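J.: This is the structure, below, for whatever I ask next.
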Amino acid sequence: MSLLAFCEWLAATRGSIALHESLVMYPLIESTHVLALTLFVGLAVILDLRLLGLALTRVPVTDIATRLLPWTKVGFTVMVITGVLLFYAIPVRTYQSIFFRVKVVMLILAGLNVWIFNNRVFLRVGEWDRDARTPKAARRAALFSLILWGGIIVAGRMIAYNWFDCDIQPQPAIVNFVAGCVVPPPAP
Ligand code: HEM
């Protein structure tokens, strides 16, 4: 079963139809998605600004990281749960949204950036914990984090604007390829 066929199957389920047609639930889930963003990305930005030496430079990095991490994890968990529900409500449109695909690529890169920071850079935090100017690798991770989460937010916002709609053909070949549109052959 292709991913598109799976999304078409998902879209035909009672739960997806009910969520898609709900007057209250969908806006409620989307609002929660945005609210969780303020918690998750908002706190991540505070740590990134510290690592870049732009804010809280007299506070040890570990103080900020350990105090914010539990709330960041709560925000991230709510982001993912509400995001999956938003996907479930309109699976085919979202799966074929170029903005959603770009967002998923950036989510993977952002996750990789966090993994490298936690498992490489942060292991030696004891050497630079109180320094206003952190090592180059820490500043680089913070910069990537700001760029990627900023891009994820913009891409998330753009999903609603289905500029490259598979249902509106003809589209440029590159759009059909990137969005995964299935274009019927022209009538003979
Ligand atoms: C964890 C980091 C995430 C961030 C920072 C994020 C951010 C956003 C933002 C800012 C929007 C626009 C909301 C609006 O316009 O009202 C959005 C929409 C959306 N997000 Fe996320 N998101 C995240 C994760 C996810 C995940 C994991 C999924 C699904 C697997 C997802 C699926 C969606 C969908 C489908 C929409 C479009 C809703 C619509 O406009 O109809 N998001 N996201």
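The values are calculated or read from the model by the stated rules, or taken from the named source; none is laboratory data. Worth saying up front: this structure is predicted, and the values here are computed from it rather than measured. All Cβ positions, glycine included, derive from the backbone under ideal geometry; neighbour counts span all protein chains shown. With ligands, DNA and RNA removed, areas are computed over all heavy atoms of the protein, side chains included. Shrake-Rupley method; radii C 1.70, N 1.55, O 1.52, S 1.80 Å.
J.: Quick one: how many residues across the stretch 53-71 are of a type in the set (S, T, N, Q) and at pLDDT 95 or above?
T.: Matching residues across the stretch 53-71 total 2.
J.: With respect to the numbered conditions (1) out of contact with any Leu (no Cβ under 7 Å at 6 or more places or on another chain); (2) within 11 Å of the ligand (Cβ to nearest atom); (3) open to solvent by less than 60 Å² (accessible area, probe 1.4 Å); (4) in contact (Cβ under 8 Å) with a residue 12 or more places away in the chain, which one is the sole condition not fulfilled by V92?
T.: It is condition (2) that V92 fails.
J.: Which of (1) of a type in the set (V, I, T); (2) surrounded by 18 or more Cβ atoms within 10 Å (Cβ to Cβ); (3) within 11 Å of the ligand (Cβ to nearest atom) is the odd one out, the single condition V80 does not satisfy?
T.: (2)
J.: Can you tell me which residue in the stretch 153-175 is nearest to E30 (Cα to Cα), limited to those that are of a type in the set (S, T, N, Q) and either within 16 Å of the ligand (Cβ to nearest atom) or surrounded by 16 or more Cβ atoms within 10 Å (Cβ to Cβ) (or both)?
T.: Filtering first and then ranking leaves N162.
J.: So G75 passes all but one of these: (1) under 24 Å from G150 (Cα atoms); (2) open to solvent by 30 Å² or more (accessible area, probe 1.4 Å). Which condition number does it fail?
T.: Only one criterion in (1) under 24 Å from G150 (Cα atoms); (2) open to solvent by 30 Å² or more (accessible area, probe 1.4 Å) is unmet by G75, namely (2).
J.: Identify the residue in the stretch 23-38 that is of a type in the set (S, T, Y) and modelled with pLDDT of 95 or more and, among all such residues, is nearest to W71 (Cα to Cα).
T.: Restricting to residues being of a type in the set (S, T, Y) and modelled with pLDDT of 95 or more, the top hit is T32.
J.: Do we have I64 as over 13 Å from the mean Cα position of the chain (by Cα), open to solvent by less than 70 Å² (accessible area, probe 1.4 Å) and either within 16 Å of the ligand (Cβ to nearest atom) or not hydrophobic (A, V, I, L, M, F, W, C) (or both) here?
T.: When the stated conditions are applied, I64 does not pass them.
J.: Using the structure shown, decide if L51 is within 24 Å of R130 (Cα to Cα), touching a residue at least 40 places away in the same chain (Cβ under 8 Å) and more than 9 Å from the ligand (Cβ to nearest atom).
T.: yes
J.: Same structure, new question: If you check F117 against the conditions, is it part of a helix (DSSP H, G or I), within 23 Å of the chain's Cα centre (by Cα), aromatic (F, W, Y) and within 13 Å of the ligand (Cβ to nearest atom)?
T.: no
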